[in-house]
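J.: Mind having a look at this structure? Questions to follow.
Computed from the coordinates by the stated procedures, all read-outs in this text should not be read as laboratory data. Keep in mind that what you see is a predicted model, and the values were worked out from it rather than measured. Note: ideal-geometry Cβ built from the backbone for every residue, glycine included; neighbour counts use all protein chains shown.
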């Protein structure tokens, strides 16, 4: 499965992810004659990289808490009986408790009931049907990040999210993939200038990934960091510039002003900057993730989502609700702290793991 592909100005519609865990796709539809697409080598589908363990099996284990809650509820609910309204009502409540949210849960139950109402059903049939319905909801948002490095400078990726969502580790993991697997030159800029610890941690991840690093003194103007980082990345011939940002939602006004200033200042270099804005979400926050998406969409043009910490969450259903409500591309999900524990989002694998089915 491809996770990232280059396009110069935006995130156009692309083929849905199908199988495998490859981050890049050969750019067949270059938007501008002078664009220089980044084309990585093809990697095998669903590689086994931990003593025979595949990414799909790790995803299943990572979603274990979420699927256990849902599976136990289904076991208690379904006892090989006819599907009646009472059972549907209970199923809807179960999906709500699994963090799909009321609206999405109602949609799933409605689609599930079509052609099955009044018929005998069993637990395995219910799981299979739910997985198929959830896959249909997730499929439209399972898209790679489409990027094309312009000749004028690096591709600029602005990374947003509340403090503690996993921005730093996500940046490090992406940089590692792009550098070690795809051979690209990456620079990371520390735009969260208010927390010295955040800058230090980001530097550690940059060194680990082999990326160049740019930071200024604590308290420095974040927009100035972004502006200078672009200059340095361009001079150094970097393919990708990743800019970390602060996530102080308790002071929304300041956060909004800072992010808007970063975007405004970057556009002084090139009006197409930033090329993409990624929002990193911590799945353990459950329905609060919806509020975070709303807030950051109000502040800046969020172009895609990455969902982290699924291995520590019983709220994996929130991904389904986010897809149904916002329709934003979901580029990747994370199920651990390991440098390879961030992989491309596959809707079918995710849906089956969520309801406790093996792929």
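J.: Grab the Cα-Cα distance for residue 123 and residue 251, subtract it from 0.36 nm times how many residues apart they are, and report the gain in nm with one decimal.
T.: Numbers: separation 128, 0.36 × 128 = 46.08 nm, distance 4.69 nm.
Difference between extended and current length: 41.4 nm.
J.: So, one more: How do 117, 112 rank when sorted from fewest to most other Cβ atoms within 10 Å of their own Cβ?
T.: Numbers: 117 14, 112 22.
Final ranking by Cβ density, sparse to dense: 117, 112.
J.: Work out the FRET efficiency for residue 194 and residue 103 from their Cβ-Cβ distance, taking R0 = 35 Å, and round it to the nearest 0.05. Spell out each step's value before the answer.
T.: Values: r = 36 Å, r/R0 = 1.04.
After rounding, the FRET efficiency stands at 0.45.
J.: From the convex hull of the Cα coordinates of region 140-251, what is the mean projected area in square nanometres? Working shown, then result.
T.: Details: hull surface 30.8 nm².
Result: 7.7 nm².
J.: Any idea what % of Cα-Cα pairs in region 255-311 are farther than 20 Å?
T.: So the portion of pairs separated by more than 20 Å is 32 percent.
J.: Considering the alpha-carbon set of region 171-328 alone, what are its Rg and its Dmax in angstrom?
T.: 15.9, 46
J.: Still on this structure: What is the Cα centroid distance between region 264-306 and region 70-137, reported in whole angstrom?
T.: So the separation of the two Cα centres works out to 33 Å.
J.: Additional query: Over all Cα pairs of region 61-140, how is the pair count split among 10 Å bins, expressed in % and running from 0 up to the last occupied bin?
T.: Percent of Cα pairs in each bin: 18, 58, 23, 1.
J.: At a Förster distance of 35 Å, what's the computed FRET efficiency of residue 271 paired with residue 181, Cβ-Cβ distance as r, to 0.05?
T.: So the FRET efficiency works out to roughly 0.65.
J.: Same structure, new question: So for each of 253-263, 183-193, 136-146 I average, over its residues, the number of other beta carbons within 10 Å; can you give me the resulting order with the highest mean first?
T.: 183-193, 136-146, 253-263
J.: Could I have the simple spin-label model distance between residue 288 and residue 221, label points 7 Å from Cα toward Cβ, reported in nm to one decimal?
T.: The answer from the label model is 3.3 nm.
J.: Residues of region 105-127 with amide nitrogen under 15 Å from the 7 Å Cα-to-Cβ point of residue 75?
T.: Counting only backbone N, you get 123-124, 127.
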